[in-house]
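**Student:** Submitted below is the structure of interest, expressed as structure tokens.
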Amino acid sequence: MSTLSWVVGRGGLLGSCVERVIGPDVWRPARPLIWSDPDQLRKSIAGAVWDFRTRLATESATESKSGWCVYWCAGNGVVGTPADRLAAETASLRLFLDQLGSALGESQAGLTGRVFLASSAGAAYGGSAERPMTEATLPRPISDYGRSKLEQEQVLRNWARDRPSVSTLVGRLSNLYGPGQHLDKPQGLISHMSRCMIFGVPVRIYVPLDTIRDYLFAQDAATRIAAGMSRLGREAPGGGQHTIKIFSSGNETTVGGLIGVFRQIAKKQLRVVSGLNPVQSQQPAQLQFRSVIWTDEPALTRTELLDGVNRVHRHQFALFQAGRLTCPPIGIPR
């Protein structure tokens, strides 16, 4: 038997990749969640959760499903996002979990559930001096974004504490990139560099060129997350396990190194303009991660940076040729 899975935030880079990895077991609400208005969001979450419960009850009765999974990949916050917007994202998660808990209460007794929460390794460990950072490293956020991510982790932990049939996996992710990344968010240096190169405009960077980051291809992250959720189901078939795991590529590069990668791909110079930005103080100079959780997992396919950047560039160039790629704004951080 398989597991009914719901990806919340399926329109984003990570959520869309997770959906592709899960495949036929994905459940989608008939009407999308309405994130733009708090009242409409509450109503749309309540309706979607009830529909999810109804579908689960139907398929459980026919023994075609053995439980449920929810992947929370929602959120538009980044370093520099105002605190009130971050608080609204945390409130959305809390609302969703409360609705889910009520809907899947006693009526689903005997069914186990798993919840994945997408968090941020860079935000959680931004002020940590240890190198590399592991799950044993004490989180030290230096931004409102980092503090909000840790608050969301605690919201999930508190919610699951009273639900022994539920297991949770918090994925602290390094810098995600890949084709299809939203270009209206002030993040995604690789996507921004690619677009600037296509339009022949300078890329504005507000951190030193020797800033070190770990860039994780989104499809690789999704594959590892799905594998982690499967393992969670095997290790805790009755629920009750709570795991925090870092997901990273394990290969770091500098911003200057990224510029070199684009030079290899496009065979021309990428023009760079350095500047200052208030959020620069919230950007650590060096981020290196190594997971010490589930190290016995078999090695999964890893997309090398050159290949991943090339895929992003080809995707954007195809959009450009079709007239669907917008010119980058004057400035974008990081």
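Each value in this text was obtained by applying a stated rule to the coordinates, not by laboratory testing. Predicted model only: the values in this text are computed from it and were never measured. Neighbour counts are summed over all protein chains in view; Cβ atoms, including those assigned to glycine, are modelled from backbone coordinates with ideal geometry.
**Student:** Please report how far the C-alpha centroid of region 7-67 lies from that of region 167-223, rounded to the nearest whole angstrom.
**Tutor:** 27 Å
**Student:** Can I ask one more? Only loop residues by DSSP count here, and only those with at most 16 other Cβ atoms within 10 Å; note down the GluC sites (Glu not before Pro) in region 1-74 that meet that. Intermediate values should be presented prior to the final figure.
**Tutor:** Working: sites: GLU19, GLU59, GLU63; in loops: GLU63.
Those that pass, being in a loop and sparsely packed, are GLU63.
**Student:** Considering only GLY180, GLY126, SER143, whose Cα is most displaced toward the positive end of the charge dipole of region 105-184, charges sitting on Cβ of Lys, Arg (+1) and Asp, Glu (-1)?
**Tutor:** GLY126
**Student:** What are the ³J(HN,Hα) couplings of region 37-54, residue after residue, when phi is run through the Karplus curve with 6.51, -1.76, 1.60 and θ = phi - 60°? Round to Hz, x for glycine and proline.
**Tutor:** 9, x, 5, 5, 5, 4, 5, 5, 5, 4, x, 5, 5, 5, 5, 5, 4, 5
**Student:** Which value, in debye to the nearest 20, gives the size of the charge dipole of region 1-150 about its Cα centre, when Lys and Arg are +1 and Asp and Glu are -1 at the Cβ? Display every interim value, and only then the final one.
**Tutor:** Numbers: 16 positive and 14 negative charges, 36 e Å.
That gives a dipole near 180 debye.
**Student:** Given H placed on each backbone N at 1.01 Å, which residues far from LEU117 in sequence or on other chains put an amide H within less than 5 Å of it?
**Tutor:** Residues meeting the amide H criterion: TRP72, LEU169, VAL170, GLY171.
**Student:** Something else now. How high is the FRET efficiency from ASP307 to SER2, r the C-beta distance, R0 25 Å, rounded to 0.05? Display every interim value, and only then the final one.
**Tutor:** On the way: r = 32 Å, r/R0 = 1.26.
The formula returns an efficiency of 0.20 here.
**Student:** What dipole magnitude, in Debye to the nearest 20, does the chain give about its Cα centre under +1 on Lys/Arg Cβ and -1 on Asp/Glu Cβ? Could you put the intermediate results ahead of the total?
**Tutor:** Working: 38 positive and 27 negative charges, 170 e Å.
So the dipole magnitude of the chain works out to roughly 820 debye.
**Student:** Can you tell me the length gained on complete extension of the stretch ALA299 to ALA91, counting 0.36 nm per residue apart and subtracting the Cα distance?
**Tutor:** Working: separation 208, 0.36 × 208 = 74.88 nm, distance 3.65 nm.
Gain on stretching ALA299 to ALA91: 71.2 nm.
**Student:** Here's something else I'd like to know. Can you compute the helix-only [θ] at 222 nm over the chain? Use -39500 (n - 2.57) per DSSP H run of at least 4 residues, normalise by all residues, nearest 500 deg cm²/dmol. Don't skip to the answer; put the middle values down first.
**Tutor:** On the way: 9 runs with 135 residues, N = 334.
The per-residue figure over the chain is -13000 deg cm²/dmol.
**Student:** For LYS268, list the aspartates and glutamates whose Cα falls under 17 Å from its own Cα; do not include residues on the same chain fewer than 8 positions away.
**Tutor:** Output for LYS268: empty list, no partners.
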